[in-house]
Amino acid sequence: MADSGNFFSRLAAKHTPTREEVLESRWLKPFGKRIRQSDLWRATRRSIPRGVFAGLFIGIFLMVPGLQIVGAALLSVPLRGNIPIAAAMTFLSNPATTPFFLIASIALGNKLGFHADLAAFEALYTSGAGVSEWLGWLLSDAAPAMITGLFLIALGCALVGYGVSIVVWRWWVHRKWRRRTRPELFSHRS
């Protein structure tokens, strides 16, 4: 059986854009020197959690697939977060998870006092309404509820991701140090 870690490493290396390809993006070129800083591309104990925060927040709140990675990269600059990690974290919101985020955000917005008619949502969904009908519903009564809910869900997920990444980083560094200082614990016996 092939090593699954090796498979995923090769898959990521094959399909992940290089730093140079990302920097050549027409959306990021205007930010020039600022986005080219090496500390935004290096994995450190502070930059990784900041990148996780930026990626999760923008990935959930923005919900526009082409702009999520760019938005996460741009938010990583003032936060001094890791840009590749921020870009990767935007993939939490994907076509499989987006409906759940949207329904949860509307429900949360409704609980906070905004009004979005979920019956109209179901009617639009079951009738196969076009983009214009969806935009009309969204801009009329659902927008405040959805935007408020998305903001709070994105902020909550980003804060949880920030905390989890700090814990995982410490565990990973501790594990590496133990392997260096006590290699006999990790050697395989035949």
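Any read-out appearing in this document is the output of simple, stated calculations on the displayed coordinates, not a laboratory observation. Everything quoted here is computed from the prediction, not taken from an experiment. All Cβ positions, even for glycine, are placed from backbone atoms using ideal geometry, and neighbour counts span all protein chains on display.
For the chain, the Kirkwood estimate of hydrodynamic radius, built from reciprocal distances between every pair of different alpha carbons, is 19.1 Å.
Calculated translational diffusion coefficient of the stretch 101-161 (37 °C, 0.692 mPa s; Stokes-Einstein with Kirkwood radius over alpha-carbon pairs) equals 276 µm²/s. Dividing the C-alpha radius of gyration of the stretch 51-139 by 2.2 N^0.38 Å, with N its residue count, gives 1.27.
Within the P(r) computed for the stretch 83-190, what percentage of the Cα pairs occupies the region above 18 Å? Looking at the stretch 83-190, the distances longer than 18 Å represent 65 percent of pairs. Estimated purely from DSSP H runs of n ≥ 4, each contributing -39500 (n - 2.57), the mean residue ellipticity at 222 nm for the chain is -21500 deg cm²/dmol once divided by its residues.
Relative to the longest principal axis of the Cα atoms of the chain, the long axis of helix 118-127 makes an angle of roughly 90 degrees.
Between helix 143-181 and the chain there is an angle of about 10 degrees, using the helix long axis and the longest principal axis of the Cα atoms.
Between I85, I166, I60, the residue with the greatest mean-square fluctuation in the GNM of the chain (Cα pairs under 10 Å linked by springs) is I166.
Under 30 Å of direct C-alpha separation, and excluding same-chain neighbours fewer than eight residues apart, K29 reaches these lysines: K14. Under the simplified labelling scheme, the R175-S25 pair shows an inter-label distance of 2.9 nm, with each label point 7 Å from Cα along Cα→Cβ.
Applying D = kT/(6 pi eta Rh) to the stretch 40-91, where Rh is the Kirkwood radius over alpha-carbon pairs, T corresponds to 37 °C and eta to 0.692 mPa s, the Stokes-Einstein value obtained is 331 µm²/s.
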